[in-house]
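This report refers to the structure that appears directly beneath it.
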Amino acid sequence: MQRAKILVACQDRAARQRLAETFRFRYQTVAVDDGWLALHLVNTTAFEAMVIAERLDSLSGLDVAVSVRESHRNAEVPIMLVARAITPAIREMVETGVVDRCVAEGVETGAFLFEFNSMCGERAERAWGALDDDVARVLGTARRSYNRVFAATTADVPFDAALLDEVATHLVGAIQGGRISAVMGALQSHDDYTFVHSLSVAAVLAFFGKQIGIREGDLRIMAQAGFAHDFGKRVMPHAVLYKPGPLDTAQMVVIRRHAAAAGQILRCSPGIPSEVINVAERHHERLDGTGYPHGLAGAQIDDLSAVAAIGDVFSALVDNRCYKPGYAPEEALRMLGDMAGPHLEPAYVKTFTEVMHDTGFASWVAPPRESSL
Ligand SMILES: [Fe+2]
Ligand SMILES: [Fe+2]
């Protein structure tokens, strides 16, 4: 499969290389330093998105952005402007839709990626309107719910339990109606991987639950738990959450706080089932006690949290992230098998693997990837 192309127009060679490296698992980057050359490409090549710096050789990035909107090929393409400074004139360009997002030069890469991903995600969301109602309803409700959660940045802002249940109800309905492959297929085109991961884990858990005969009410609990398990990431700085590379020790300490933070968010939200809170707090606990945040072991970890840990790891393995390509589903299931015993409950891993194989679900959850990766 060919990766979609993005245009990066930027004078700074190191910045161009950094962006190409950052996008390498998702997009093919066409990088230029010259405004006229950028315009030539805009008129000859279809792009999925553009990153245009204000400073360019021969022509300003602002002029390039205006011309993109008048082009035949790329008039609707999301444009992210990297400005020298966010002036009132630049703000007006965002408000009038000449560009979709704007960041200042020197912005930290994680914060840049957060903006870029949400910009491209909005384009993916517009395409959901053409999907069948039941599929669009799952995705739309989930996105609305996710946006509500992540609009806050502290753990003391409660979440609406009814909205979480609505997401779960639509998702379980899609699973019962045999529509989950369509949901997963459409979901993979979204760029916000924390959102994609949250809904993927919800789908994996509820689908698995249905296959092993769990009753419908409990499937909704499983779906809620999956969707909410990483809500604590809302307290993470974007620089850490969207860092395009391995985290250092201090950043690992920060990211590990998300499990406790998710528990805090859900505990202050009236009406959230206790099972959902348990999963949020325990999905990184491991059988041998090496997990976090509390180092729980064996029977201290409830069954649903133990299953959620498997779904979480599986989804994380198959997802494309900016720092790694997704593993093929078969490879991810093999890696899960290696973690059975010390980390993950072996009996559950075995059943999970069989279900993923036998139903074909594993291939639905995997994002598009190139055969060469
Ligand atoms: Fe997590
Ligand atoms: Fe997760």
Apart from one, (1) more than 16 Å from ligand 2 (Cβ to nearest atom); (2) modelled with pLDDT of 95 or more all hold for A262; the odd one out is (1)
Item to complete: Could you tell me whether L241 is under 21 Å from the mean Cα position of the chain (by Cα) and within 15 Å of ligand 2 (Cβ to nearest atom)?
Response: yes
V204 fails exactly one of (1) within 22 Å of S118 (Cβ to Cβ); (2) within 16 Å of ligand 1 (Cβ to nearest atom), namely (1)
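Just wondering, is there one or more residues in the stretch 170-178 that are polar (S, T, N, Q) and within 22 Å of R123 (Cβ to Cβ)?
For the stretch 170-178, residues polar (S, T, N, Q) and within 22 Å of R123 (Cβ to Cβ): absent.
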**Prompt:** Among the residues of the stretch 271-288, is there at least one that is assigned to a helix (DSSP H, G or I), within 16 Å of ligand 1 (Cβ to nearest atom), within 29 Å of F25 (Cα to Cα) and within 16 Å of the chain's Cα centre (by Cα)?
**Reply:** no
Picked from the stretch 317-366 (must be under 17 Å from F208 (Cα atoms), surrounded by 18 or more Cβ atoms within 10 Å (Cβ to Cβ) and small (G, A, S)), the residue modelled with the highest pLDDT is A332
ask   = Of the residues that make up the stretch 252-266, is at least one more than 14 Å from ligand 1 (Cβ to nearest atom) and closer than 21 Å to R321 by Cα?
value = yes
If we keep only residues of the stretch 216-250 that are small (G, A, S) and surrounded by fewer than 16 Cβ atoms within 10 Å (Cβ to Cβ), then the residue farthest from F116 (Cα to Cα) is G217
Contact list, first residue from the stretch 228-245 and more than 10 Å from ligand 1 (Cβ to nearest atom), second anywhere and among the aromatic types (F, W, Y), beta-carbon distance below 6 Å, six or more apart or interchain, is R234/F150; H238/F114; Y242/F114; P244/Y323; G245/Y323
If you go through G106, G97, G61, the only one that is farther than 18 Å from P244 by Cα and surrounded by fewer than 19 Cβ atoms within 10 Å (Cβ to Cβ) is G97
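Would you point out which residue out of V8, V51, V82, V66 is at pLDDT 95 or above and farther than 17 Å from L113 by Cβ?
Result: V66 is the single residue among V8, V51, V82, V66 that is at pLDDT 95 or above and farther than 17 Å from L113 by Cβ.
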Exactly one of E92, E125 is of a type outside the set (S, T, Y) and out of contact with any helix residue (DSSP H, G or I) (no Cβ under 7 Å at 6 or more places or on another chain), and that residue is E92
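The values are calculated or read from the model by the stated rules, or taken from the named source; none is laboratory data. Keep in mind that this is a model prediction, so the values were computed, not measured. Glycine also receives a Cβ, built like all others from the backbone with ideal geometry; neighbour counts cover every protein chain displayed.
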